[in-house]
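Single-structure report; data block below.
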Amino acid sequence: MTEATVAIALGTRPEIIKLSPVIRECERRDINYELIHTGQHYSDNLDQVFFDQLELPDPDHHLQVGSKSHGKQTGEMIAGIEDILLDVEPEVLLVQGDTNSVLAGAIAASKLDVALGHVEAGLRSFDREMPEETNRVLTDHVGDYLFAPTETSADYLRDEGIDDKRIHVTGNTVVDAVGRHRELAAEKSSVLDDLGVAVGEFALLTAHRAENVDERDRFAELLTGVARAASSLDLDVVYPIHPRAESRLNEFDLDVPDRIHLVEPQEYLDFLELERTARLIFTDSGGVQEEACILGVPCVTLRENTERPETVDVGANRLVGTDPQTIHDGALAMTNSTTDWENPFGDGTASEQIMATLRQTHSVRTIQ
C-alpha cells in the first residue's frame, strides 16, 4: 500500500493549469502527494503536453475515463477515485473547479475518512441549467476546506449556510500560474509568427460551451456577432477550435465568417501568449475571463451570466450573450475602455495559503 498525505485529482487542462502551483507547493514543502488524472478531457496527447510544458510530474494514477455522458463519466470516476483513496489513504483530497472530476472526487472522499479541499470554492453563476453549477454547489456542501478565491465567493458560501470555519479566502491559483508562465510564454512561444498575427492587431475567440455550440442558430449568431465586431475594429479573429465546437460546425454545416480563422487547439504557453497579446478576447470560458482580467486584456463574454462577477465589477469584462448586435456593441465598448483595473483574484500566493491552511488546521505531515 502506498501512503500519501495529500491526493490531488484533476481531469481537464484548466485543472492542470490551476493545480500546478499547488503541486509545486507540495514539492517545496516536501509534502508527500499522489496525483490522480481522471482522463476526462478529449485529448490525452494534448494533456501530456500541458504536463511537459508546466514541468509537472506524470500522474501516479490515470483512470482514462474519456468523454461519456455525465452519469457514466462521473460514475466511473467515483469508483476509480474511491479505489485509489482506499489504497493510498491520504489525509486530504484536493479538487479544483467545477468539472465532473471534481464532483466525483467530492463524492468519493465524502464517503471515506478523507478530508475534502475544494480549490476555487464558492463560484456561482446562479444558472441551474449549467452542469458546472451543480458540481460547484454539491462539492462545496460536502467540502471540509473551501478555498474561496475572493470575498464575493466566500459570501456566496455563507449565504448558503456553510460554516465560516470551513471557508478560507486565498485568492485564485490562476494568478500564481499566470505569474509564473507569462514571461516564459513570451520568451518561448512562436505562435504569433506561426499564425501570422501581430501584437494588439487581432482578437482571440474561444467558444465551446454546450449552450452556445449545440444549438445551430445560437452558434451561428455568436459567429456572426464576433465577425461583425471584428470588421468594425478591423481585426482578424483567431479561434482555436474545441473538438466539440468543430464537430458541431461540421454537423450543422455552418459557414465560418471570413474574419474568423480556425486553428488547432493550442498548447498552454502558446494560448497564454495569444491571450497576452490580443487586443480583445471573446470567450464563453470562465478561466479565460480570469486570465484576460489578470493580463489586462479587455474581455467580452458570450454568455448571459458569469461565475466570475468580479471581472465585470472591475471593468475588465462585459456580458453580451449571443445576440450579434449586442456582441458588436459590447466589443466596441470594451476596446474603448481603460485597462488599468485592479486584479481581484489575489496576489499570486494562493497555493502557499492553501497549503499553509492545511498545515495549520489538519494533520498534514511532511516527509522527514
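The values are calculated or read from the model by the stated rules, or taken from the named source; none is laboratory data. Values in this document were obtained by computation on a predicted structure and should not be read as measured data. Neighbour counts are summed over all protein chains in view; Cβ atoms, including those assigned to glycine, are modelled from backbone coordinates with ideal geometry.
Just a few scattered comments:
- Test set (1) modelled with pLDDT of 95 or more; (2) within 21 Å of R244 (Cα to Cα); (3) acidic (D, E) - D60 fails condition number: (2)
- The conditions of being under 23 Å from L269 (Cα atoms), assigned by TED's automatic domain parsing to the domain that holds I354 and not polar (S, T, N, Q) are met by D47.
- Filter pass, H41 being out of contact with any Pro (no Cβ under 7 Å at 6 or more places or on another chain), surrounded by fewer than 17 Cβ atoms within 10 Å (Cβ to Cβ) and of a type outside the set (D, E, K, R): no
- Any hit, the range 155-176, residues being acidic (D, E), surrounded by 15 or more Cβ atoms within 10 Å (Cβ to Cβ), more than 27 Å from E211 (Cβ to Cβ) and under 18 Å from the mean Cα position of the chain (by Cα): yes
- Checking S285 against (1) out of contact with any Leu (no Cβ under 7 Å at 6 or more places or on another chain); (2) farther than 18 Å from N172 by Cα, the condition it does not meet: (2)
- Flag if D87 is in the same structural domain as H37 (by TED's automatic domain parsing), of a type outside the set (F, W, Y) and out of contact with any Ser or Thr (no Cβ under 9 Å at 6 or more places or on another chain): no
- Considering the conditions (1) of a type in the set (S, T, Y); (2) modelled with pLDDT under 95; (3) surrounded by fewer than 22 Cβ atoms within 10 Å (Cβ to Cβ), Y268 is excluded by exactly one of them, (3).
- Residues of the range 353-362 satisfying the condition of being over 19 Å from the mean Cα position of the chain (by Cα), outside any loop (DSSP other than H, G, I, E, B) and not polar (S, T, N, Q): M355, A356, L358, R359
- Residue within the range 94-101 that is more than 27 Å from G171 (Cβ to Cβ), among the hydroxyl-bearing types (S, T, Y) and either out of contact with any Leu (no Cβ under 9 Å at 6 or more places or on another chain) or surrounded by 22 or more Cβ atoms within 10 Å (Cβ to Cβ) (or both) present: no
- Of all residues in the range 342-351 being surrounded by fewer than 19 Cβ atoms within 10 Å (Cβ to Cβ) and not β-branched (V, I, T), the one that is farthest from A177 (Cα to Cα): E342
- On the stretch given as the range 9-60, residues that are over 20 Å from V178 (Cα atoms), touching a strand residue (DSSP E or B) at 6+ places or on another chain (Cβ under 9 Å) and assigned to a loop (DSSP other than H, G, I, E, B) total 8.
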